[in-house]
Amino acid sequence: MIRTIVGLAIVLILMAILITVVDDYTVPSALSGVGESYTETGVEDTGSVNLVTAVVVAYRGLDTLGEVVVLFSASTAVVLILTLIPIGSGPTPPSSIVSFTAGILPSAIILFGIYIITHGHLSPGGGFPGGAVVASAFLLVMLGSNTVPGKSKFLSSIESLAGLTFGLLGFWGMFAAGQFLNNLVLPAGSPGRIISAGIIPLISLAIGAKVASELSGIFSSYRKAGGEK
Amino acid sequence: MSFTFILAHVLTGLGALFLFASGVGVFRMPDVFNKMHAGTKATTLGSILFLSGLGLFEPSWLPKLLLVAVFIVLTNPVSSHALARAAHNDASEKPDNLVIDDLEESKGEEQ
């Protein structure tokens, strides 16, 4: 009874707040400030047709580098905790339905992930979502098998290489154009083509490889923490 | 008001109805397997109906929407199947009124 009353009160308060917010809101007829300058000069500045990617990778590239560091430390923490505390009692053998699907779907998923990564400057997408899609294919392969992955130098090398590429591209901009992560050390090309937009596609590739290898590393360390059957 | 226009409206409306019913089912059903039943079957049918309705609105999108539908048909049942087996392995998820349990029996035969 008390729970219902408290819940109802919270809903009413939230409704009141929402109404006051909506009441004052008028739909802006034009962009203002930084949004206006992004939309006016964005394509010219970066060569990227997708302005979201232009903001994320070019204008705010340093923030993205920070995000990559956040993801890296999170995955390191997960792996560390999972190696310290073993969980479960070995992998459950997959049913035939799961192992059949794991045989046919991953190639299509990886292809789609690579499409998302490489078209980040043309259509919605980019390194983060594309990398997550590729990692999900890895997860599906792992779910379809009954084995525990061994120690893999490959994943951690890919991860380090991708992070290093991101940093080096940043320094290249600093030395060639006097600005860390300057986008136009490579030519902008003609906007809308796949090879255009300066270093944005390269950074997307680096982020995609890093996200995919980090998430795959998290999945495989979960399975390792489960131990052998 | 052409025939395809009306059909597209009917299909998207039906799809939305199925998706809504699935949401209500996940909220109202008593245990994990019943919730999963509501959350999987109805969403598969609901999204296919919705996608085909969209395809009638915009015929140029039809090939892409068909790909999405094929992907949903391939993944949605398989993932819920895997989740249901995982839930079955966890004894605490077993409902009290479970009378016929074929999966448990087939496990006994294998060993």
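Can you tell me the orientation of helix B:3-28 relative to chain B, as the angle in degrees between its alpha-carbon axis and the longest Cα principal axis, to the nearest 10?
Roughly 20 degrees between the two axes.
So if I restrict to the alpha-carbon atoms in the stretch A:112-229, what is the Rg, and what is Dmax, the biggest pairwise distance, in Å?
Values for the stretch A:112-229 (Cα only, Rg and Dmax): 16.8, 56 Å.
Please go through the stretch A:25-98 and write out the chymotrypsin sites (Phe, Trp or Tyr not before Pro) that DSSP classes as loop and that have at most 15 other C-beta atoms within 10 Å.
The qualifying sites are A:Tyr25.
Expressed as a whole percent, how much of the Cα-Cα distance distribution for chain A exceeds 22 Å?
Everything past 22 Å amounts to 63 percent.
Please compute the modelled spin-label separation between A:Ser107 and B:Ser79, points set 7 Å along Cα→Cβ, answer in nm with one decimal.
Modelled inter-label distance: 2.3 nm.
Can you spot the aspartates and glutamates whose alpha carbon is less than 13 Å from B:Lys107's alpha carbon? Ignore those fewer than 8 places along the same chain.
Within the straight-line cut-off, B:Lys107 pairs with nothing.
In debye, nearest 20: dipole of the stretch B:3-110 around its Cα centre with unit charges on the Cβ of K, R (+) and D, E (-)?
640
Using alpha carbons only, how many degrees (0 to 90, rounded to 10) separate the axis of helix B:32-57 from the longest principal axis of chain B?
10
Using alpha carbon centroids, what distance separates the stretch A:76-113 and the stretch B:10-71, in Å?
Cα centres, the stretch A:76-113 to the stretch B:10-71: 27 Å.
Go ahead and run the numbers for FRET between A:Ser123 and A:Glu36, Cβ-Cβ distance against an R0 of 22 Å, rounding to 0.05.
Values: r = 23 Å, r/R0 = 1.05.
So, using R0 = 22 Å, E works out to roughly 0.40.
May I ask you to list, by number, the DSSP H helices of chain A whose Cα span along the axis is at least 20 Å and whose average Kyte-Doolittle hydropathy reaches 0.0 or more?
Sorted by number, the helices that extend far enough and score high enough are A:2-24, A:61-84, A:96-118, A:127-143, A:153-177, A:200-226.
Which distance in Å, rounded to a whole number, links the C-alpha centroids of the stretch A:154-169 and the stretch A:23-73?
Spelled out, the Cα-based centre of one part sits 25 Å from the other.
To the nearest 0.05, how large is the calculated FRET efficiency for A:Ile13 and A:Ser96 if R₀ is 41 Å and r is the Cβ-Cβ distance? List each step's numbers first, then the result.
Values: r = 53 Å, r/R0 = 1.28.
With R0 = 41 Å, the Cβ-Cβ based efficiency is 0.20.
Angle check, please: helix B:62-89 long axis (alpha carbons) against the longest principal axis of chain B (alpha carbons), in degrees 0 to 90, nearest 10.
With both axes taken from Cα atoms, the answer is about 10 degrees.
Which links in B:Lys41/B:Lys64; A:Lys224/B:Lys35; A:Lys153/A:Lys224; A:Lys210/B:Lys41 stretch past 25 Å when you go from one Cα to the other? Working shown, then result.
On the way: B:Lys41/B:Lys64 22 Å; A:Lys224/B:Lys35 31 Å; A:Lys153/A:Lys224 15 Å; A:Lys210/B:Lys41 36 Å.
Listed pairs above 25 Å: A:Lys224/B:Lys35; A:Lys210/B:Lys41.
Nothing charged except the Cβ atoms of Lys and Arg (+1) and of Asp and Glu (-1): what's the magnitude of the dipole of the protein assembly as shown about its Cα centre? Round to the nearest 20 debye. Let's see the in-between values first.
On the way: 16 positive and 22 negative charges, 103 e Å.
Once rounded to the nearest 20, the dipole reads 500 debye.
Coordinate-derived values only; no laboratory data. The model shown is predicted, which means the values in this text are computed figures rather than measured ones. As a convention, Cβ positions derive from the backbone with ideal geometry for all residues, glycine included, and neighbour counts pool all protein chains shown.
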